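Taking it in order: structure first as structure tokens, then the write-up.
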Amino acid sequence: MGPVLNGLIKLQSVENRLRAAKAQLTRCRRNVVIQENHVRSLQNALEAKKEEIQLTRIQCDRLELELKSRDEQISKLRASLNVAKTNKEYAAVLTQLNTTKADNSKIETQILELLKDVETDEAECVEMQRQIEEQKQTLEKTRRETELSASKYEAELEKIQAEWDKVAETLSEESLGVFKRVAETYDGQAVVEIEQQEGKAGAYSCGGCFMGVTAECVNLLMTRDEIIRCPNCTRIVVLGGSEA
């Protein structure tokens with residue numbers, strides 16, 4: 001093969017390394033994002049729990065006001081018992097008094113249950129806050145480690161990019177343009193080898209889409225140093241076992 005196809009093969013090799021290094025850098029930084037999301041999730045849960053406590057306290061206050069009002073009503077009913085003039089009137093007031101006392105007892109039980117819920121939720125808030133502080137420490141450690149690793153990956157990326165640029169300079173503007181467009185379409189894999197189908201003489205397939213490639217295409221690659229593209233996936237095809 002001539003300089004055009006050899007140059008494209010070499011550029012594909014460097015492109016693979018470049019994208020692999022970029023993926024490593026992305027994975028490295030993703031750890032920080034994961035930790036940040038974890039801390040944010042805990043903080044949101046803590047705020048939601050605090051709001052829940054606040055609503056429960058408001059409900060308690062409302063019930064306590066209601067209970068106070070009912071206690072005043074009980075005092076009035078007791079006073080009414082003392083001035084009842086008939087047994088019927090006394091019995092009616094007594095029934096109302098007992099009903100009010102029973103209702104008050106239910107409200108008191110409800111208040112106690114709500115206060116118990118507040119106590120439980122407050123304990124959960126303390127535990128959540130502890131977890132948040134712990135995760136923040138982990139996050140800071142991850143950030144420091146990530147920055148160190150990222151610096152190494154960035155230095156490697158810069159080195160590979162310089163190599164990519166050097167190889168790209170050996171190609172024509174047209175060839176480089178085709179490579180870039182196809183690489184963008186197929187996540188960097190612009191150049192693929194033509195493979196001979198096992199057990200089938202003269203039968204070939206594209207190493208990218210695995211669809212059949214004509215013998216004429218193979219013959220062109222053997223005789224010409226120019227870009228030949230798979231008619232199915234449009235990747236740039238080269239002969240199998242080619243070396244830069």
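Every read-out reported here was derived from the displayed coordinates using simple, explicitly stated rules and does not represent laboratory data. What you see is a predicted model, and the numbers here were worked out from it, not measured in a lab. No Cβ is skipped: glycine too gets one built from the backbone with ideal geometry, and neighbour counts run over all protein chains shown.
Numbers for the structure displayed
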{"quantity": "Residues of type aspartates and glutamates that Lys76 reaches as a straight line, Cα spacing below 19 Å, ignoring anything fewer than 8 places off in the same chain", "calculated": "Glu64, Glu66, Glu89, Asp103"}
{"quantity": "From phi via Karplus (6.51, -1.76, 1.60), per-residue ³J(HN,Hα) for segment 80-89 in Hz, x at Gly/Pro", "calculated": "5, 4, 5, 10, 5, 9, 10, 4, 5, 5"}
{"quantity": "For Val213, distant residues with modelled amide H under 5 Å away", "calculated": "Tyr204, Ser205, Cys206"}
{"quantity": "Extension reserve of the Thr138-Asn44 stretch, reckoned as 0.36 nm per residue once the Cα distance is removed", "calculated": "32.0 nm"}
{"quantity": "Segment 177-244-segment 97-148 distance, computed between alpha-carbon centres (Å)", "calculated": "64 Å"}
{"quantity": "Amide N proximity, segment 219-240 versus Gln196 label position 7 Å along Cα-to-Cβ, cut-off under 15 Å", "calculated": "219, 222, 239-240"}
{"quantity": "Any cysteine of the chain lacking a neighbouring Cys Cβ under 4.7 Å - listed by number", "calculated": "Cys28, Cys60, Cys125, Cys217"}
{"quantity": "Degrees, to the nearest 10: 173-185 long Cα axis against longest axis of the chain", "calculated": "30 degrees"}
{"quantity": "Out-of-range pairs (alpha-carbon distance over 24 Å; input Lys10/Lys180; Lys22/Lys180; Lys152/Lys180; Lys159/Lys180; Lys49/Lys101; Lys10/Lys159)", "calculated": "Lys152/Lys180; Lys49/Lys101"}
{"quantity": "Distant-in-sequence amide H partners of Asn232 (H built 1.01 Å from N, under 5 Å)", "calculated": "none"}
{"quantity": "Whole-Hz couplings from phi, Karplus 6.51/-1.76/1.60, listed for segment 45-62; x for Gly and Pro", "calculated": "5, 5, 5, 5, 5, 5, 5, 5, 4, 4, 5, 5, 5, 4, 5, 4, 4, 5"}
{"quantity": "Sequence-distant residues sharing a close amide H with Val238 (under 5 Å, placed H)", "calculated": "Val192, Glu193, Ile194"}
{"quantity": "Cα-centred dipole magnitude for segment 174-239, charges only on beta-carbon of K, R (+1) and D, E (-1), debye, nearest 20", "calculated": "120 debye"}
{"quantity": "Electrostatic dipole magnitude of the chain [Cβ: Lys, Arg +1; Asp, Glu -1; Cα centre; debye, to 20]", "calculated": "700 debye"}
{"quantity": "For segment 38-90 and segment 1-18, distance of Cα centres in Å", "calculated": "79 Å"}
{"quantity": "Net charge over other residues, Cβ less than 12 angstrom from the Cβ of Asp121 (K, R count +1; D, E count -1)", "calculated": "-3"}
{"quantity": "Separation in nanometres of the label points that stand 7 Å from Cα toward Cβ, at Ala102 and Arg130", "calculated": "4.5 nm"}
{"quantity": "Kirkwood Rh and Cα Rg combined as Rg/Rh, segment 3-170", "calculated": "1.56"}
{"quantity": "Fully extended contour minus Cα-Cα distance, from Lys68 to Asn6, at 0.36 nm per residue", "calculated": "13.1 nm"}
{"quantity": "In order through segment 218-231: 3J(HN,Hα) via Karplus (6.51 cos²θ - 1.76 cosθ + 1.60), integer Hz, x for Gly, Pro", "calculated": "5, 4, 4, 5, 6, 10, 10, 9, 8, 6, 10, 10, 4, x"}
